[in-house]
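Asks: Mind having a look at this structure? Questions to follow.
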Amino acid sequence: QVQLVESGGGLVQAGGSLRLSCAASGTISNVNAMYWYRQPSGGQREYVATITRRHTTNYADSVKGRFTISRDNAKNTVYLQMNSLKFEDTAVYYCGANTATTTYWGQGTQVTVSS
């Protein structure tokens, strides 16, 4: 079992920055990649970014160049640094982690960008 707790969401003006954190606990040794997804109100969950155990990263085109995913293995924490935020980045952001057999999700943290 892996437990994920997100934090760092909030209200920010367009053009501003936020850093989200995702603290993992439990059977961390089995975790391969970790993810950030987001779900706008009334919309579908969409992919944001991935970081593998070896720190290889990948991003959705919509956030490339503005968001940076990183992980601190010593703290079992993944971060999402979000810069140049836009109104359309408003969503609940979810942290995910997968093992060989299961994908785990956190409860989400709300990010609201005012225009």
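The values are calculated or read from the model by the stated rules, or taken from the named source; none is laboratory data. Just so it is clear, the model here is predicted, and its values are computed rather than measured. Because the Cβ atoms are built from the backbone with ideal geometry, glycine has one as well, and the counts that use them run over all protein chains shown. Please note that ligands, DNA and RNA were not included when accessible areas were found on the heavy atoms of the full protein model with its side chains. Shrake-Rupley method; radii C 1.70, N 1.55, O 1.52, S 1.80 Å.
Asks: When you scan segment 58-77, how many residues do you find that are modelled with pLDDT under 95 and assigned to a strand (DSSP E or B)?
Replies: 3
Asks: Right, something else. I need the full set of residues from segment 5-56 which are under 14 Å from Asn73 (Cα atoms) and among the aliphatic types (A, V, I, L, M), in order please.
Replies: Result: Ala23, Ala24, Ile28, Val31, Ala33, Met34, Ile51.
Each row is one residue, and each column tells you yes or no for (1) surrounded by fewer than 14 Cβ atoms within 10 Å (Cβ to Cβ); (2) over 18 Å from Ala14 (Cβ atoms); (3) of a type outside the set (A, V, I, L, M, F, W, C); (4) free of Cβ contacts under 8 Å to residues at least 12 places away in the same chain.
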| residue | (1), (2), (3), (4) |
| --- | --- |
| Arg53 | yes, yes, yes, no |
| Ala60 | no, yes, no, no |
| Val63 | no, no, no, no |
| Ser70 | no, yes, yes, no |
| Ala74 | yes, yes, no, yes |
| Tyr79 | no, yes, yes, no |
| Asn83 | no, no, yes, no |
| Tyr94 | no, yes, yes, no |
| Ala100 | yes, yes, no, no |
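Asks: Of all residues in segment 32-51, which are among the polar types (S, T, N, Q), over 19 Å from Gly9 (Cβ atoms) and either in contact with an Asp or Glu (Cβ under 9 Å, 6 or more places away or on another chain) or touching a residue at least 60 places away in the same chain (Cβ under 8 Å) (or both)?
Replies: Asn32
Asks: On to the next question. With respect to Arg45, is the statement that it is open to solvent by less than 70 Å² (accessible area, probe 1.4 Å), at pLDDT 95 or above, of a type in the set (Lys, Arg) and touching a strand residue (DSSP E or B) at 6+ places or on another chain (Cβ under 6 Å) true?
Replies: It is false that Arg45 is open to solvent by less than 70 Å² (accessible area, probe 1.4 Å), at pLDDT 95 or above, of a type in the set (Lys, Arg) and touching a strand residue (DSSP E or B) at 6+ places or on another chain (Cβ under 6 Å).
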